Amino acid sequence: ARVHAERGWTQKVRHVLRELLPLQGAMEQGDINLLNTELKKWGGGVPEQFGESTAAIEAVVNVAKERLLIWRDVERVVKDVLKQAERLPRTAKALTEHCQRLFRALKEAQLTRMDLRRSDPKAIDRIAEVLSSWVTRAMAHPNGVQKSIVQKVVRSEQLGSFDFVDLDICLRLVDRPESGNEVFFNRARTIVEDASTIPKDLRPLLSHVETMLFFLKYTKAEDLRLAHAEFRNQTGRLDRAVAGYLSRAEMDYPPGAELVQWRDSRGSLMDDNEVNAVLEEIRRPPSSGEDRLGLFRDVFYQWAVVMKSKFDLLVLPHHTQVICLLAFRSFMESKRRGSDPRALIAQVGTGEGKSMIIAALALYVVVVLRKKAHIVVDDETLLERDFWTFKPLFDMFQVPAADTGDEWRPIMSKLCSSEERLVGSNRDDPKLMSQAARVDPEADICYCEAKHVQSFYASIARCENRDFSHYQQRVLILDEVDALVIDEEPNEAFVYPNKELSKMATSVAESMKQGMSPQDIRGQLSHPAAGRVVGLMNKEWERGKKMVAGEDFAFVKEMGKYLLLQSGRVNPKAWSLALECRNFQDNFSREILFQERLFVMSRPRVFRKYFRILGLSGSIGSQPERRFLQETYRAAFFEVPPFLKTCRGAPYFEAVPVPMGQQRKVLYVEPSPEKQFARIAEVALEARERVPVLVIAKDRTQADHLVTYLHEAARSRGLGRVADDMIRSLSRTAYESDPEQWKENLNRSTMAMGDLEGGAAAGGKKSWRITVTDPRGGRGTDYRVDDSDVDAAGGLLLVPTAVPYCQRDWIQFLGRTARQDRKGQYCAVLCDTD
């Protein structure tokens, strides 16, 4: 009987597979016609003969029906847009709108695994044709590389997060005359035509080529004597030990000992033979005496090899980078006496090669010191970018597999990624092997955020033996010192959810909402923790009422509730009992999550555990911040001069104050917010006739209000038709509501008005956009300006609207303009009530 039953079950399984496989095959092939044919077989529903398998089969059939509906919609949109594009007057604006719809349909097809070529073999070619027509109309200098980008993107099966705005950005990166830019186009074409380059990598790779060519332009003008002189200019302000580190660096890398000797007889750095000769010169240690560069020489050579294989361009370290690395080396090698620094922090400007210095330091820590390096980059996007950029360099080096040193192993480098990113990754992606949600204690080099470092400490603190001795075998390397400067509470509580107390807290919240007093609520509860819970709830209930939208929290539509704001950014994982109460008060939640404290951790204590702290920051900060770093971490400081200041005859610009507005002032302090807004409009609308304008609001709320005000001000001046395009928002609110639109706003922020109609290339008088951002957009965001007319008029204009809390932020704000060899200017409009 058992055998008979098993045979019956086996036959049912075979029957199920026989009937379902064609349906699943149609979905996997992405064939809309085949899927439609197969679904007709199931038009009468799932027969009862499938028995216990009926429910599972129904689920598959329903998925197939949903897929067919989506595919039909995609097919309809594609056909509709292609048909309309044939009849449209081919203006850039009309084509742009249709191309956006077309691209979204293309992405939807890929996300749902629909093969458009199955229903229309010429669909992809026709889509590429429409996009190419748009390129011809919208770009100032249509060229072959742009058409290659379109072809690559349209035919890619790995679009991922790449959207129409990303396509527009990539096309504009190569939107320049081919005459005079032959080297750039040659390298750009190689990148685009490389089969291993996927669309999402195009933008960073093309930007990298642009940056590399900028530095190559001035490479032969670098002067090592000038570099050392710039470092010596700060000697009087330096700690005695740091002055010694820089003096030692000058001894180890003196004029005449440059990595490459630039003789007049040397050929072009674009010539392969000359590049190979330079690489050999870098690799070859001095014929006599000790090689004082040590490991760094090999790092420079290997990095140049990696970059040449990827971009076919020569990449050399600047003299300032070499001197900086040698100073850090002296710091790490020195035997620390009582008053000597325990942390060394270098101020390195934006775009000066800070990431490369960090990677070289990590290799020195691992290969020479035989220790492990934790690299903290507190921005997930930059963290990921830097890790994958330098991973090929790390893979070039080995360390002893054991203390004996007889066997060697490759360096293990790891990237800490969020659990959400790891879960959403393709399981077959080989990159997953180098990623983890937490700090891997075995990793030699670990790129992570400050929260990962704190979590690593907490994992040790929770262990029974609490052995922190391993920290002496680790070095902390910081990209920006913000993690060290504790602007808020220095202690962080590690908490866990308590279900029992959460239920009680919810009951207390319900009573408070009904107007009951804490005393009456307490009288109704018999739980031993009732007094503590009621007391906390009463305090946080009142605190929740006082929380300010846009400053303390923001409503997130996808979550359907308020989330905490930290550094102007929504943090979905942050917990606050006060915000739990506010969500309950405003009916966005029916339950209170009550968390108990497990232990309290001091962030400065965590960082001080490391053997050494190495910091590289765009700004070290004000005197009070420096004193805090000195007292808390025993830190010392020095500044790395800008690259262009060490090049003979090179232009170097800093952002300069410029008089603007009717009163021609460089600084306005208005008596009220209303008058401040009016003055900002006056200054910005005047300046946009000559240059792009970036207004940095004091917070996201003010940024949103300013955008509305500026729209109205523009309309009142007769600019109603173009006001929406002219005034663009880059606030965090705009990003959270529509990331794609935010990206487009950033892309267009420094473009001339009329770019959608090709007007920027028409030769007429140019005018520019006004972009409003919050403090987050004033740090780390790249506002690309490459128009010579803007440079002639003084460069991108910054309009700060408030004095930031720390000097680090102010320096970052000014760093949004006067980039590389471009000019920059600012005019501050403040409010007396701030």
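The values are calculated or read from the model by the stated rules, or taken from the named source; none is laboratory data. Note that the structure is predicted; figures quoted are calculated from it, not measured. Every residue, glycine among them, receives a Cβ derived from its backbone with ideal geometry; neighbour counts consider all protein chains shown. Side chains are part of the model used for accessible areas, which takes the heavy atoms of the whole protein and leaves out ligands, DNA and RNA. Shrake-Rupley method; radii C 1.70, N 1.55, O 1.52, S 1.80 Å.
Scan the stretch 425-449 for residues that are among the small types (Gly, Ala, Ser) and open to solvent by less than 10 Å² (accessible area, probe 1.4 Å) and the total you get is 1. Does the stretch 382-394 contain any residue that is open to solvent by less than 30 Å² (accessible area, probe 1.4 Å), modelled with pLDDT under 95 and not in a helix (DSSP H, G or I)? No, the stretch 382-394 has no match at all. Checked across the stretch 643-661, the condition of being surrounded by 23 or more Cβ atoms within 10 Å (Cβ to Cβ) and outside any strand (DSSP E or B) holds for at least one residue.
Selection over the stretch 163-192 of residues that are basic (Lys, Arg) and either free of Cβ contacts under 8 Å to residues at least 12 places away in the same chain or part of a loop (DSSP other than H, G, I, E, B) (or both) gives a count of 1.
Of the numbered criteria (1) in a helix (DSSP H, G or I); (2) touching a residue at least 12 places away in the same chain (Cβ under 8 Å); (3) not aliphatic (A, V, I, L, M), the one GLY160 fails is (1). A Cβ distance below 6 Å, combined with a sequence gap of six or more or placement on separate chains, defines the contacts here; from the stretch 571-584, residues that are under 11 Å from MET547 (Cβ atoms) reach residues that are in a helix (DSSP H, G or I) in the pairs ALA578/GLU540; ALA578/ARG543; ALA578/GLY544; CYS581/GLU540; CYS581/TRP541; CYS581/GLY544; ARG582/GLY544. Here's a check for you: in the stretch 593-605, which residue that is open to solvent by 70 Å² or more (accessible area, probe 1.4 Å) and in a strand (DSSP E or B) is farthest from ARG329 (Cα to Cα)? Per the stated criteria, the residue is ARG597. Screening VAL495 with (1) open to solvent by less than 40 Å² (accessible area, probe 1.4 Å); (2) in contact with a strand residue (DSSP E or B) (Cβ under 7 Å, 6 or more places away or on another chain); (3) not in a helix (DSSP H, G or I) gives one miss only, at (1).
Annotation: of all residues in the stretch 546-582 being farther than 20 Å from SER731 by Cα and small (Gly, Ala, Ser), the one that is least open to solvent (accessible area, probe 1.4 Å) is ALA578. Applying the set (1) assigned to a helix (DSSP H, G or I); (2) more than 28 Å from LEU95 (Cα to Cα); (3) out of contact with any strand residue (DSSP E or B) (no Cβ under 7 Å at 6 or more places or on another chain) to GLU744 leaves exactly one unmet item: (2).
Residues of the stretch 465-474 include at least one that is among the hydroxyl-bearing types (Ser, Thr, Tyr), under 18 Å from VAL606 (Cβ atoms) and in contact (Cβ under 8 Å) with a residue 12 or more places away in the chain.
Checking ARG590, ARG608, ARG543 one by one, the residue that is farther than 23 Å from SER418 by Cβ, surrounded by fewer than 18 Cβ atoms within 10 Å (Cβ to Cβ), out of contact with any Phe, Trp or Tyr (no Cβ under 8 Å at 6 or more places or on another chain) and of a type outside the set (A, V, I, L, M) is ARG543 and no other. The single condition among (1) of a type in the set (Gly, Ala, Ser); (2) part of a helix (DSSP H, G or I); (3) within 27 Å of ARG648 (Cβ to Cβ); (4) in contact with a Lys or Arg (Cβ under 9 Å, 6 or more places away or on another chain) that ALA257 does not meet is (2). Residue count for the stretch 528-539 under the criterion of being open to solvent by 20 Å² or more (accessible area, probe 1.4 Å) and touching a helix residue (DSSP H, G or I) at 6+ places or on another chain (Cβ under 7 Å): the result is 3. Scanning the stretch 503-527 for residues that are within 48 Å of the chain's Cα centre (by Cα) and open to solvent by 80 Å² or more (accessible area, probe 1.4 Å) gives LYS503, GLU510, LYS513, GLN514.
Among residues of the stretch 308-322 being part of a helix (DSSP H, G or I) and hydrophobic (A, V, I, L, M, F, W, C), the one that is surrounded by the fewest Cβ atoms within 10 Å (Cβ to Cβ) is PHE311. So which residues in the stretch 341-353 are of a type outside the set (S, T, N, Q), open to solvent by 10 Å² or more (accessible area, probe 1.4 Å) and within 20 Å of LEU238 (Cβ to Cβ)? Answer for the stretch 341-353, where residues must be of a type outside the set (S, T, N, Q), open to solvent by 10 Å² or more (accessible area, probe 1.4 Å) and within 20 Å of LEU238 (Cβ to Cβ): ARG342, GLY349, GLU352.
Scan the stretch 28-71 for residues that are loosely packed, with under 14 Cβ neighbours inside 10 Å and at pLDDT 85 or above and jot them down. Residues satisfying the conditions are GLU28, ASN33, THR37, LYS40, ASN62, VAL63, LYS65, GLU66, LEU69. Total residues in the stretch 462-479 satisfying the condition of being surrounded by 15 or more Cβ atoms within 10 Å (Cβ to Cβ) and over 26 Å from ALA401 (Cβ atoms): the figure is 2. You will find that of GLU542, GLU500, GLU510, GLU551, the residue that is part of a loop (DSSP other than H, G, I, E, B) and of a type in the set (Asp, Glu) is GLU551 and no other. ALA94: over 28 Å from ILE169 (Cα atoms), surrounded by fewer than 19 Cβ atoms within 10 Å (Cβ to Cβ) and of a type in the set (Gly, Ala, Ser), yes or no? Here the answer is no, as ALA94 does not meet what is asked. Against the condition open to solvent by 50 Å² or more (accessible area, probe 1.4 Å) and over 30 Å from THR112 (Cα atoms), how does HIS228 come out, does it pass? So HIS228 does not fit the description; no. Within the stretch 254-262, not a single residue is surrounded by 22 or more Cβ atoms within 10 Å (Cβ to Cβ) and not polar (S, T, N, Q). Only residues that are part of a loop (DSSP other than H, G, I, E, B), under 30 Å from the mean Cα position of the chain (by Cα) and surrounded by fewer than 22 Cβ atoms within 10 Å (Cβ to Cβ) were counted in the stretch 621-642, giving 2. Among the candidates GLU540, GLU492, GLU480, GLU488, the residue that is modelled with pLDDT under 90, under 20 Å from LYS573 (Cα atoms), touching a Ser or Thr at 6+ places or on another chain (Cβ under 9 Å) and not hydroxyl-bearing (Ser, Thr, Tyr) is uniquely GLU492. As a summary of the residue check, VAL399 satisfies the conditions (1) surrounded by fewer than 19 Cβ atoms within 10 Å (Cβ to Cβ); (2) within 29 Å of VAL600 (Cβ to Cβ); (3) hydrophobic (A, V, I, L, M, F, W, C) except for the one numbered (2).
Return the only residue of LYS561, LYS557 being under 30 Å from the mean Cα position of the chain (by Cα), under 21 Å from LYS503 (Cα atoms) and at pLDDT below 95. Step by step, each of LYS561, LYS557 is checked, and only LYS561 is under 30 Å from the mean Cα position of the chain (by Cα), under 21 Å from LYS503 (Cα atoms) and at pLDDT below 95.
For the stretch 715-732, taking the residues that are in contact (Cβ under 8 Å) with a residue 24 or more places away in the chain and among the basic types (Lys, Arg), the one that is most open to solvent (accessible area, probe 1.4 Å) is identified as ARG717.
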